[in-house]
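Report on the following structure.
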Amino acid sequence: MTSTQPALGGRIDTVEHAAATPDHPQPYRELGLKDDEYARIRDILGRRPTDAELAMYSVMWSEHCSYKSSKAHLRYFGETTTDEMRAKMLAGIGENAGVVDIGDGWAVTFKVESHNHPSYVEPHQGAATGVGGIVRDILAMGARPLAVLDPLRFGPADAPDTKRVLPGVVAGIGGYGNCLGLPNIGGEVVFDPSYAGNPLVNALCVGAMRVEDLHLAHASGVGNKVMLFGARTGLDGIGGVSVLASETFAGDEAGGGRKKLPSVQVGDPFTEKVLIECCLELFRSGLVVGIQDLGGAGLSCATSELASAGEGGMRVELDRVPLRAEGMTPAEILSSESQERMCAVVRPDDVEAFLRVCAKWDVIAVEIGEVTDTGRLQVHWHGETVVDVPPRTVAHEGPVYERPVERPADQDALVADGPERLARPSTPGELRETLLRMVASPNLASRRWVTEQYDRYVRGNTVLAQPADSGMVRIDEETGRGVAVATDCNGRYVKLDPYQGAQLALAEAYRNVAVTGAVPLAVTNCLNFGSPEDPGVMWQFQQAVRGLADGCRELGIPVTGGNVSFYNQTGGTAILPTPVVGVLGVIDDVRRRVPAGIGAEAGETLLLLGDTRDEFGGSEWAHVVHGHLGGRPPAVDLAREKLLAEVLVAGSRDGMVSAAHDLSEGGLAQALVEAALAGQTGCRVVLPADVDPFVWLFAESAGRALVAIPRSEELRFTDMCSARGLPWTRIGVVDPASKALEIQDVATVDLAELRAAWEGTLPALFD
Amino acid sequence: MTARIGVITFPGTLDDIDAARAVRSVDAEPVALWHADADLRGVDAVIVPGGFSYGDYLRAGAIARFAPVMTEVVRAARRGMPVLGICNGFQILCESGLLPGALVRNAGLHFVCRDQWLRVENNETVWTTRYDAGAEILVPLKNMEGRYVADPATLDELEGEGRVVFRYLVDGDASQRYLGIDSPNGALNHIAGIADARGRVVGLMPHPEHAIDALTGPSDDGLGMFLSVLDALVAA
């Protein structure tokens, strides 16, 4: 981006000048463009691009914005979406965020995005602006943002760099989200060595609107005005997407010339909060025809996407953009990623009213151009034309790569090295020790140190939040209608089998929604992978996409949107493939939500639903106790997951279930501990006589849940399970008088001791 | 005729809709007050809700005290109008001089959001008559700058006059006891909330408006504050 200065001696590169100087050398490689990509731009334009055009193409054709490596594979989501799945979708992939109809005239929009690379460079601001960006995506659909969730992944919990990255990320998410007034209702915190040089900071936002208020990013209506509003545009975040998100860190120090601000943007949550309220008032007043947020690639992205989705033409007077730095060039203004900005299309007669609403909220707003029918995006700078391009070529017709795909040579060896050879605990003493060790291990320990830094109460509609299986918010105070959201992914399972691993992530998020009593409805995803230039990574990617898409078709819930993040690796080593899956569910009345904590009713029976098998490939036990990763991940049976969900939802609807908790990492033992601690109530567990207690306590077989059933409902509930063909096992009783988890013939552990083990780990590491 | 209770919105206020909901839930009428209007719209009492007024980039509440609406609140409070400041509202009341002392950054330096046990130390303020003296209530606490501080003379005065209204109950929650947390934020004398000399202006860091329904909060223990002021207003 330093290109604009030297060669022209400070003069601005206009279209006219570019046409007259075809041989002027341009630093396209430093901007991340390949030779053939640059040649194509020259072809499209019939001349060399101006500096400003080059800046636009380079950011918009970056991996982050153009999906050039993933596009060919992502089409599979569309191909596997049936009409029935599509019926509930009001907007899907390609919009700022997917929108689903949840009934009673309500529409819900949700999406998850990555902010991985900025969060490694500058954890606090990187994570903060990740929250800000996803919230504006939701806002741009016309919805009021309701809640956020943050799936996070870090290097080993005890690594020195994790002590730098994790507290910064958490403080950044909290600092931004809390000040924005959005409850943080869930997410994940996962530790694995593969994330050491490349943490994953994903952010999910969910919002709601009346169905008729849906706003799409269209610049329709010739003569309509283009309004830029929100924060001023500065030098921060320039080239963020092309440099940070699209290449590995090695070699990102290219460029010289004048000093730039860091590529990581700086967030101002107060401005965003005011911007949200301002936007919602503009929507309510009917003053907005189309709207787009300014995120990655800034104005380049917003103007080219708005223009190509509407009548296809737009004229922009770039010198009208309010700036916070002196002497910014057109290229810099177009590619700045300054936060808290939105771009709206407004009817000429409404401009005055639009400006009045913005003034009420002290939001800076400027008319920067208008919709035209020229089919061109034309950007002017003090009377001269600096950009004149067909907008679709910038926004949608970027390069598409068919990257080589190849199953890694060592995949067979990885799968062959199963967990069967690992030494297992067998005596009661060993099992007790294993239980306590597992509960205190970084991936299973309480997330309270993290989640206590997030406001989960603001707006007064949070019904469930961490450590619940899924976060749940009320949308309609009259009827009690609400939504539940969960995100999940076990990267170890995906590493062992990307197709099945992605389905396991889907199954777990689906189950986490269903255990709270909500009906799973739609899926979003954030596909975090290594370098697409590595055929092995592309194989993981291809398999995961296919697994996820096939899984969604089988479950009958559509993928409404998502995000791809490539180049997540340190040097030549890729992260565990991590397709984070978010599932959204709807519940008619949040008063029927099912919590995870046992002991709410006077007498409860504990049932284990589903089948338990000797499955330890990729398990937390193999990881914690043996540092082992190999074999096959647990089997996945989506028909069973669907049945389990139906039973759980029916149990909630008919008031048969007083507590329910998903079984996943750490197996039954972990679920029992969490249910007992959440309910602050002890229980007595009696495993079936003929089973291996180790397998029953620690295996990670999918399709299972622990439920607490009031005695009075037990027969009705078990009859329902039997009638529907869902296996169930009575494994114990809740004992309100007990302050211990008592597993007969295995171990008795006081809840206080369990709590100490479970809650002590993260404070000891990060305080 | 029911009471009309004003809820102020500054740019950056977050818990205004929660405060309004709490007012509605006791069958009083919430009245939206805008920071830029020097007009209390004839309300009978005022709530200054939580959030980050004007972003709180300078010092929590330091800019909000200069808002036109606050000039009117201070004037009305001096005449005896009941005023409740919650979290950022408490900080604003301290900055405005309606309450003594200040709120500084939590001892742990982190934002803290948790369900917190409080003891009602004074049930004679206009906002606390519905509670039994010494009652223990469970209310969310969520802030970055929640550590109450004051000079020794002020503390003596507050304690001597019984103007400490709420205190953090540090033994009430087993999980906190285990963590060895003496107080959630290091507040002097574990002070969570205080009153003015007449018991009509109350400020507290925890959020009673988030504890009006066990569905969305840890309890409905916060309702008592809104019922209390309603009693006083209806009786007046």
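The values are calculated or read from the model by the stated rules, or taken from the named source; none is laboratory data. These figures come from a predicted structure and were not determined experimentally. When we count neighbours, we look across all protein chains shown, and the Cβ atoms used for this are built from the backbone with ideal geometry, even at glycine.
If A:D455 satisfies every condition in (1) more than 15 Å from A:P595 (Cβ to Cβ); (2) within 13 Å of chain B (Cβ to nearest Cβ); (3) surrounded by fewer than 23 Cβ atoms within 10 Å (Cβ to Cβ) but one, which is the exception?
Looking at each condition in turn, A:D455 falls short on (3).
Out of curiosity, is A:V357 under 20 Å from A:F270 (Cα atoms), assigned to a loop (DSSP other than H, G, I, E, B) and among the β-branched types (V, I, T)? Break it down stepwise before answering.
On the way: under 20 Å from A:F270 (Cα atoms): yes; assigned to a loop (DSSP other than H, G, I, E, B): no; among the β-branched types (V, I, T): yes.
Judged against the criteria, A:V357 is not a match.
Looking at A:V586, A:V625, A:V590, which one is surrounded by fewer than 24 Cβ atoms within 10 Å (Cβ to Cβ), in contact (Cβ under 8 Å) with a residue 60 or more places away in the chain, out of contact with any helix residue (DSSP H, G or I) (no Cβ under 8 Å at 6 or more places or on another chain) and aliphatic (A, V, I, L, M)? If you could, list the steps in order and put the result at the bottom.
Values: A:V625 fails: out of contact with any helix residue (DSSP H, G or I) (no Cβ under 8 Å at 6 or more places or on another chain); A:V590 fails: surrounded by fewer than 24 Cβ atoms within 10 Å (Cβ to Cβ).
It is A:V586.
Being surrounded by fewer than 24 Cβ atoms within 10 Å (Cβ to Cβ) and not in a helix (DSSP H, G or I) is true for just one of A:E326, A:E352. Which residue is that? Before the answer, list the steps.
Working: A:E352 fails: not in a helix (DSSP H, G or I).
Among A:E326, A:E352, only A:E326 is surrounded by fewer than 24 Cβ atoms within 10 Å (Cβ to Cβ) and not in a helix (DSSP H, G or I).
Here is a yes/no grid of residues against (1) under 21 Å from A:A509 (Cα atoms); (2) at pLDDT 95 or above; (3) in a helix (DSSP H, G or I):
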position	(1), (2), (3)
A:K68	no, no, no
A:R75	no, no, yes
A:L90	no, no, no
A:V99	yes, no, no
A:G130	no, no, yes
A:G174	no, yes, yes
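Return the pairs, sorted by first residue and then second, in which the second residue is among the polar types (S, T, N, Q), the first residue lies in segment A:595-620 and is part of a loop (DSSP other than H, G, I, E, B), the beta carbons are less than 6 Å apart, and the residues are 6+ apart or on different chains.
Within 6 Å, the pairs are A:I598/A:T681; A:G599/A:T681; A:A600/A:S658; A:E601/A:S658; A:T612/A:S701; A:R613/A:S701; A:E615/A:S701.
List the residue pairs whose Cβ atoms are under 7 Å apart, where the first residue sits in segment A:171-195 and is more than 10 Å from every other protein chain (Cβ to nearest Cβ) and farther than 30 Å from B:Y57 by Cβ, the second is modelled with pLDDT of 95 or more and in a helix (DSSP H, G or I), and the two are 6 or more positions apart or on different chains.
A:D192/A:G491
Exactly one condition in (1) modelled with pLDDT under 95; (2) surrounded by fewer than 22 Cβ atoms within 10 Å (Cβ to Cβ); (3) of a type in the set (A, V, I, L, M) is not met by B:V74; state its number.
(1)
Kindly evaluate A:S470 against the criterion of being touching a Gly at 6+ places or on another chain (Cβ under 8 Å), more than 14 Å from chain B (Cβ to nearest Cβ) and among the hydroxyl-bearing types (S, T, Y). Talk me through it step by step, then tell me what you get.
Working: touching a Gly at 6+ places or on another chain (Cβ under 8 Å): yes; more than 14 Å from chain B (Cβ to nearest Cβ): yes; among the hydroxyl-bearing types (S, T, Y): yes.
Answer is yes for this residue.
Table: residues versus (1) within 14 Å of another protein chain (Cβ to nearest Cβ); (2) of a type in the set (K, R); (3) surrounded by fewer than 19 Cβ atoms within 10 Å (Cβ to Cβ); (4) within 24 Å of A:E620 (Cα to Cα).
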position	(1), (2), (3), (4)
A:V647	no, no, no, no
A:A660	no, no, no, yes
A:L677	yes, no, no, yes
A:V691	no, no, yes, yes
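A:L607 - would you say it is closer than 29 Å to A:T761 by Cα, away from chain B (no Cβ under 14 Å) and surrounded by 18 or more Cβ atoms within 10 Å (Cβ to Cβ)?
Details: closer than 29 Å to A:T761 by Cα: no; away from chain B (no Cβ under 14 Å): yes; surrounded by 18 or more Cβ atoms within 10 Å (Cβ to Cβ): yes.
It is false that A:L607 is closer than 29 Å to A:T761 by Cα, away from chain B (no Cβ under 14 Å) and surrounded by 18 or more Cβ atoms within 10 Å (Cβ to Cβ).
Do the conditions hold for A:E337, that is, is it in contact with a strand residue (DSSP E or B) (Cβ under 9 Å, 6 or more places away or on another chain) and among the acidic types (D, E)?
Answer is no for this residue.
Is it the case that some residue within segment B:40-49 is within 11 Å of another protein chain (Cβ to nearest Cβ) and either more than 23 Å from A:V363 (Cβ to Cβ) or touching an Asp or Glu at 6+ places or on another chain (Cβ under 7 Å) (or both)?
Quick first cut of segment B:40-49, residues within 11 Å of another protein chain (Cβ to nearest Cβ) only: B:49.
From what is left, the residues that are either more than 23 Å from A:V363 (Cβ to Cβ) or touching an Asp or Glu at 6+ places or on another chain (Cβ under 7 Å) (or both) are B:49.
Scanning segment B:40-49 turns up at least one residue that is within 11 Å of another protein chain (Cβ to nearest Cβ) and either more than 23 Å from A:V363 (Cβ to Cβ) or touching an Asp or Glu at 6+ places or on another chain (Cβ under 7 Å) (or both).
Considering segment A:435-460 alone, what residues qualify as being touching a residue at least 40 places away in the same chain (Cβ under 8 Å) and within 30 Å of B:T9 (Cβ to Cβ)? Even if it seems obvious, please write down each step before you answer.
So in segment A:435-460, the residues touching a residue at least 40 places away in the same chain (Cβ under 8 Å) come out as A:435-451, A:453-459.
A:T451, A:Q453, A:Y454, A:D455, A:R456, A:Y457, A:V458, A:R459, listed by residue number.
For A:L90, state whether it is surrounded by 24 or more Cβ atoms within 10 Å (Cβ to Cβ), of a type outside the set (S, T, Y) and in contact (Cβ under 8 Å) with a residue 12 or more places away in the chain. Lay out the reasoning, then the answer.
Details: surrounded by 24 or more Cβ atoms within 10 Å (Cβ to Cβ): no; of a type outside the set (S, T, Y): yes; in contact (Cβ under 8 Å) with a residue 12 or more places away in the chain: yes.
No, not satisfied.
Condition check: in contact with a strand residue (DSSP E or B) (Cβ under 7 Å, 6 or more places away or on another chain) and within 14 Å of chain B (Cβ to nearest Cβ). Does A:R144 satisfy that? Full working, then the answer.
Numbers: in contact with a strand residue (DSSP E or B) (Cβ under 7 Å, 6 or more places away or on another chain): yes; within 14 Å of chain B (Cβ to nearest Cβ): yes.
It is true that A:R144 is in contact with a strand residue (DSSP E or B) (Cβ under 7 Å, 6 or more places away or on another chain) and within 14 Å of chain B (Cβ to nearest Cβ).
Mind checking which residues of segment B:195-215 are within 12 Å of chain A (Cβ to nearest Cβ), crowded, with 24+ Cβ neighbours inside 10 Å and not aliphatic (A, V, I, L, M)? Can you show your working first?
Of the residues in segment B:195-215, the ones within 12 Å of chain A (Cβ to nearest Cβ) are B:206-215.
Filter again for crowded, with 24+ Cβ neighbours inside 10 Å, leaving B:206-212.
If the condition is that a residue be within 12 Å of chain A (Cβ to nearest Cβ), crowded, with 24+ Cβ neighbours inside 10 Å and not aliphatic (A, V, I, L, M), then B:P206, B:H207, B:P208, B:E209, B:H210 are the ones that fit.
If only one of A:A465, A:A518, A:A514, A:A505 is within 14 Å of chain B (Cβ to nearest Cβ) and either of a type outside the set (V, I, T) or more than 26 Å from A:L609 (Cα to Cα) (or both), which one is it? Walk me through it before giving the result.
Values: A:A518 fails: within 14 Å of chain B (Cβ to nearest Cβ); A:A514 fails: within 14 Å of chain B (Cβ to nearest Cβ); A:A505 fails: within 14 Å of chain B (Cβ to nearest Cβ).
Among A:A465, A:A518, A:A514, A:A505, only A:A465 is within 14 Å of chain B (Cβ to nearest Cβ) and either of a type outside the set (V, I, T) or more than 26 Å from A:L609 (Cα to Cα) (or both).
Only one of (1) within 14 Å of another protein chain (Cβ to nearest Cβ); (2) crowded, with 24+ Cβ neighbours inside 10 Å; (3) not polar (S, T, N, Q) fails for A:V537. Which number is that?
A:V537 satisfies all of (1) within 14 Å of another protein chain (Cβ to nearest Cβ); (2) crowded, with 24+ Cβ neighbours inside 10 Å; (3) not polar (S, T, N, Q) except (1).
Identify the residue in segment A:191-232 that is among the β-branched types (V, I, T) and surrounded by 24 or more Cβ atoms within 10 Å (Cβ to Cβ) and, among all such residues, is farthest from A:A353 (Cα to Cα).
Start the filter on segment A:191-232 by keeping residues that are among the β-branched types (V, I, T), which leaves A:201, A:206, A:211, A:222, A:226.
Right, trim to surrounded by 24 or more Cβ atoms within 10 Å (Cβ to Cβ) and you get A:201, A:206, A:226.
Details: A:V201: 39, A:V206: 29, A:V226: 14 Å.
Looking at residues that are among the β-branched types (V, I, T) and surrounded by 24 or more Cβ atoms within 10 Å (Cβ to Cβ), I get A:V201.
Among all residue pairs at least 6 apart or on different chains, which show Cβ distances below 6 Å where the first residue, located in segment A:733-745, is under 18 Å from A:A659 (Cβ atoms) and the second is among the charged types (D, E, K, R) and surrounded by 18 or more Cβ atoms within 10 Å (Cβ to Cβ)?
Within 6 Å, the pairs are A:V734/A:E604.
So which helices (runs of 4 or more DSSP H) stay within segment A:426-529 end to end and still have 2 or more residues that are of a type in the set (V, I, T) and at pLDDT 95 or above? Even if it seems obvious, please write down each step before you answer.
On the way: elements: A:428-439, A:448-451, A:491-496, A:498-515.
Ranges flagged: A:428-439, A:448-451, A:498-515.
Going through A:R48, A:R136, A:R153 one at a time, which residue ends up being over 28 Å from A:S304 (Cβ atoms) and crowded, with 20+ Cβ neighbours inside 10 Å? Write out each step before concluding.
On the way: A:R48 fails: over 28 Å from A:S304 (Cβ atoms); A:R136 fails: over 28 Å from A:S304 (Cβ atoms).
Among A:R48, A:R136, A:R153, only A:R153 is over 28 Å from A:S304 (Cβ atoms) and crowded, with 20+ Cβ neighbours inside 10 Å.
In the list A:L706, A:L762, A:L751, which residue meets the criterion of being under 15 Å from A:A671 (Cα atoms), within 14 Å of another protein chain (Cβ to nearest Cβ) and touching a residue at least 40 places away in the same chain (Cβ under 8 Å)? Outline the logic, then answer.
Working: A:L706 fails: within 14 Å of another protein chain (Cβ to nearest Cβ); A:L762 fails: under 15 Å from A:A671 (Cα atoms).
When all the criteria are applied, what remains is A:L751.
Inside segment A:709-767, can you point out the residues that are surrounded by 14 or more Cβ atoms within 10 Å (Cβ to Cβ), farther than 26 Å from A:S426 by Cα and among the hydrophobic types (A, V, I, L, M, F, W, C)?
A:I709, A:F717, A:M720, A:C721, A:L726, A:L762, A:L765, A:F766
Within segment A:156-170, count every residue that is within 11 Å of chain B (Cβ to nearest Cβ) and surrounded by 24 or more Cβ atoms within 10 Å (Cβ to Cβ).
Pass one, segment A:156-170, residues within 11 Å of chain B (Cβ to nearest Cβ): A:167, A:170.
After this cut, where a residue has to be surrounded by 24 or more Cβ atoms within 10 Å (Cβ to Cβ) as well, the list is A:170.
Going through segment A:156-170 one residue at a time, the tally reaches 1.
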